[in-house]
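The values are calculated or read from the model by the stated rules, or taken from the named source; none is laboratory data. Since this is a predicted model, take the numbers as computed values, not measurements. Don't worry about glycine lacking a Cβ; one is built from the backbone with ideal geometry, like all the others, and counts go over all protein chains shown. Accessible surface areas use protein heavy atoms only, side chains included; no ligands, DNA or RNA. Shrake-Rupley method; radii C 1.70, N 1.55, O 1.52, S 1.80 Å.
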Amino acid sequence: MRASLFITCYNDTLFPETGRAVVTLLERLGVAVEFRPAQTCCGQMHANTGFRGEAFSLAKKFVRLYADAEAVIIPSSSCAAMIRDQYPALMEELGNEELRGEFSALLPRLYELSEFVVDVLGVEDVGAYFPHRVTYHASCHGLRALALGDRPFRLLKNVEGLELAPLENLDRCCGFGGTFSVKNAEVSSAMMTAKLQDVQATGAEFCTALDNSCLMHLGGAMHREFAAMRTVHLAQILASTREHPAEVM
């Protein structure tokens, strides 16, 4: 099977190790991975801050770029949710029926990473090795918009050496929310304080998630409190093996 990696601008700019991990993982599972250099942003921050025209332009670019892709893998539940949930409304709002038809044809081939591995490849044990105590943070988009359910847990439970620590109040937001954390900094900080208490109570060495945006927010709070815990994207855990351990700082 051949798949296109939509790395997202956030990962490409700040967390390139996640993209490398996705490629390593998928190739180990027999997937031929391609990367289309013309890709840019999904348009989420534009749409969420009222720049609908700019968001539409990015949506159009995305749909046309991946029109012939066998599958598109997105290692970010927030970007995947943006594409699934907001693109149809953008296209209806701006009256482009042709593009909406093209998007409808592409939609069944768009996958968040854990969806693709579990649902399409039918794999729950990816041959990973990560000998650490880990807790999982369910991002709001993955939990509510994509309804990923227990897919990430099924993957983590099959990682050799990994001890999965349950997280209380799993459905509680970390407070990032993209531009929400900028516009509502005090509320965002209060939400982070509550989330961090639950995360630290697990006694885990690592906190993982499907969104590096959430992990950056959590990691920043950990750094400010001199916490020993670190953050790592799920893809990096799944890509890690005895021979080639994960890139973690």
Exercise. Right, Gly161: more than 18 Å from Arg230 (Cα to Cα), out of contact with any Asp or Glu (no Cβ under 7 Å at 6 or more places or on another chain) and either open to solvent by less than 60 Å² (accessible area, probe 1.4 Å) or touching a residue at least 40 places away in the same chain (Cβ under 8 Å) (or both) or not?
Worked result: no
Problem set entry | Criterion: open to solvent by 40 Å² or more (accessible area, probe 1.4 Å), over 30 Å from Leu164 (Cβ atoms) and either under 16 Å from the mean Cα position of the chain (by Cα) or touching a residue at least 12 places away in the same chain (Cβ under 8 Å) (or both) - qualifying residue of Leu94, Leu58 | Leu94
For this session: Determine the pairs where a residue that is farther than 18 Å from Ala59 by Cα, located within the stretch 3-17, has a partner that is at pLDDT below 90 and open to solvent by 50 Å² or more (accessible area, probe 1.4 Å) with Cβ atoms under 6 Å apart, the partner being 6 or more residues away or on another chain.
Result: Glu17/Glu247
Exercise. If you go through the stretch 121-145 one residue at a time, how many are within 19 Å of the chain's Cα centre (by Cα) and open to solvent by 50 Å² or more (accessible area, probe 1.4 Å)?
Worked result: 4
For this session: Report yes if Arg64 is surrounded by fewer than 20 Cβ atoms within 10 Å (Cβ to Cβ), of a type in the set (Lys, Arg) and within 30 Å of Val123 (Cβ to Cβ), otherwise no.
Result: no
For this session: Report yes if Gly30 is open to solvent by less than 60 Å² (accessible area, probe 1.4 Å), in contact with a Ser or Thr (Cβ under 8 Å, 6 or more places away or on another chain) and assigned to a loop (DSSP other than H, G, I, E, B), otherwise no.
Result: no
Seminar exercise, completed: The residue from Ala221, Ala190 that alone is open to solvent by 10 Å² or more (accessible area, probe 1.4 Å), assigned to a helix (DSSP H, G or I) and either in contact (Cβ under 8 Å) with a residue 40 or more places away in the chain or more than 15 Å from Ser139 (Cβ to Cβ) (or both) is Ala190
